[in-house]
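Report on the following structure.
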Amino acid sequence: TQSGVLTCEQSRGVIEMDFPVVSQEEVDFPPDLLAALGSSATYVGKTQFDYFVVMEDPEIVRTLSPDFRELKRFPARGVIVTSRSDRSDFDFISRFFAPNAGIDEDPVTGSAHCCLAPYWAKVLGKTEMTAFQASARGGVIHVRVLNGRVILGGQAVSILQGELLTAP
């Protein structure tokens, strides 16, 4: 892939994928971005691809109804919105909006968790966490930060099996 070789393996009862960490840096709060999201934030960062918005209240993250037409105005692939979880079975929750990529809201986003995992690892002081992406479909993601990599684990269902053949 454009991120290099990505490997998957079955481990700990889930399928795990090994990704590079995506770093983010704090930026000034873009007022128009927060208006498009319809909420305030406690922190705004930017990765090379996306805005990264931290909110105080997980209920706000769950109930956001962004103005997708306005979000398209921002020079980014998407917007990651996150907060600490208010449920004991999850460490943090998130949502990912990417109207510039043709997806108003992605149900479960691996690439967003490559940034979310190291951020929450630092905030929470732990390297293994359970996350919930609070889209309409929703999804549980097991995350580990390990040696500059993010290991994402989740459930999967095989719907197709194939074999690549080399040309004679």
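The values are calculated or read from the model by the stated rules, or taken from the named source; none is laboratory data. Because the structure is predicted, anything quoted here is derived from the model rather than measured. For neighbour counting, all protein chains shown are included, and Cβ atoms are generated from backbone atoms with ideal geometry for every residue, glycine included. Note: areas computed on protein heavy atoms with side chains; ligands, DNA, RNA excluded. Shrake-Rupley method; radii C 1.70, N 1.55, O 1.52, S 1.80 Å.
Can you find, within segment 133-168, the residue that is nearest to PRO58 (Cα to Cα) among those that are touching a residue at least 12 places away in the same chain (Cβ under 8 Å), hydrophobic (A, V, I, L, M, F, W, C) and not in a strand (DSSP E or B)? Steps first, answer last, please.
Just the residues of segment 133-168 that are touching a residue at least 12 places away in the same chain (Cβ under 8 Å), to begin with: 133-146, 148-156.
Keeping just the survivors that are hydrophobic (A, V, I, L, M, F, W, C) gives 134, 136, 140-141, 143, 145-146, 150-152, 156.
Those left that are additionally not in a strand (DSSP E or B): 134, 136, 156.
Working: ALA134: 10, ALA136: 15, ALA156: 26 Å.
Among those residues, the one meeting the criterion is ALA134.
Where residues in segment 1-29 are in a strand (DSSP E or B) and among the charged types (D, E, K, R), which of them is farthest from the chain's Cα centre (by Cα)? Give the derivation first.
Taking segment 1-29 first, the residues in a strand (DSSP E or B) are 7-11, 14-20, 25-26.
Remaining after also requiring among the charged types (D, E, K, R): 9, 16, 18, 25-26.
Values: GLU9: 20, GLU16: 15, ASP18: 14, GLU25: 16, GLU26: 17 Å.
Applying the filter and picking the extreme gives GLU9.
Tell me which residues, restricted to segment 115-127, are aliphatic (A, V, I, L, M) and either open to solvent by 10 Å² or more (accessible area, probe 1.4 Å) or touching a Leu at 6+ places or on another chain (Cβ under 6 Å) (or both). Before you say what the answer is, go through the steps one by one.
At the first step, the residues of segment 115-127 found to be aliphatic (A, V, I, L, M) are 116-117, 121, 123-124.
Of everything in segment 115-127, those that are aliphatic (A, V, I, L, M) and either open to solvent by 10 Å² or more (accessible area, probe 1.4 Å) or touching a Leu at 6+ places or on another chain (Cβ under 6 Å) (or both) turn out to be ALA121, VAL123, LEU124.
Tell me yes or no: at least one residue of segment 20-40 is in contact with a helix residue (DSSP H, G or I) (Cβ under 9 Å, 6 or more places away or on another chain), modelled with pLDDT of 95 or more, open to solvent by 10 Å² or more (accessible area, probe 1.4 Å) and over 24 Å from ILE151 (Cβ atoms).
Within segment 20-40, none of the residues are in contact with a helix residue (DSSP H, G or I) (Cβ under 9 Å, 6 or more places away or on another chain), modelled with pLDDT of 95 or more, open to solvent by 10 Å² or more (accessible area, probe 1.4 Å) and over 24 Å from ILE151 (Cβ atoms).
Are any residues in segment 68-124 small (Gly, Ala, Ser) and in contact (Cβ under 8 Å) with a residue 60 or more places away in the chain, and if so, which ones?
Filtering segment 68-124 down to residues small (Gly, Ala, Ser) leaves 76, 78, 83, 85, 88, 94, 98, 101-102, 110-112, 117, 121.
Result: GLY110, SER111, ALA112, ALA117.
If I ask for residues that are within 15 Å of LEU37 (Cβ to Cβ) and touching a strand residue (DSSP E or B) at 6+ places or on another chain (Cβ under 9 Å), which ones from segment 63-92 would you list? Even if it seems obvious, please write down each step before you answer.
To start, the set of residues in segment 63-92 that are within 15 Å of LEU37 (Cβ to Cβ) comprises 63-74, 76, 78-83.
LEU64, PRO66, PHE68, LEU71, PHE74, ALA76, GLY78, VAL79, ILE80, VAL81, THR82, SER83, listed by residue number.
When you check PHE96 against the structure, is it over 16 Å from VAL123 (Cβ atoms), open to solvent by less than 60 Å² (accessible area, probe 1.4 Å) and not aliphatic (A, V, I, L, M), yes or no? If you could, list the steps in order and put the result at the bottom.
Numbers: over 16 Å from VAL123 (Cβ atoms): yes; open to solvent by less than 60 Å² (accessible area, probe 1.4 Å): yes; not aliphatic (A, V, I, L, M): yes.
Taking the combined requirement at face value, the residue satisfies it.
Looking only at segment 1-19, count how many residues are without any contact (Cβ under 8 Å) to a residue 40 or more places away in the chain and open to solvent by less than 40 Å² (accessible area, probe 1.4 Å). Quick ask: steps written out before the conclusion?
Kept after step one, since they are without any contact (Cβ under 8 Å) to a residue 40 or more places away in the chain, are these residues of segment 1-19: 1-10, 13.
Subset that is open to solvent by less than 40 Å² (accessible area, probe 1.4 Å): 4.
Going through segment 1-19 one residue at a time, the tally reaches 1.
Against the definition (surrounded by fewer than 19 Cβ atoms within 10 Å (Cβ to Cβ) and in a strand (DSSP E or B)), how does THR130 come out, yes or no? Let's see the steps before the verdict.
Numbers: surrounded by fewer than 19 Cβ atoms within 10 Å (Cβ to Cβ): yes; in a strand (DSSP E or B): yes.
Yes.
ASP32 - would you say it is over 23 Å from ALA136 (Cβ atoms), assigned to a strand (DSSP E or B), in contact (Cβ under 8 Å) with a residue 24 or more places away in the chain and of a type in the set (D, E, K, R)?
On the way: over 23 Å from ALA136 (Cβ atoms): yes; assigned to a strand (DSSP E or B): no; in contact (Cβ under 8 Å) with a residue 24 or more places away in the chain: yes; of a type in the set (D, E, K, R): yes.
No, not satisfied.
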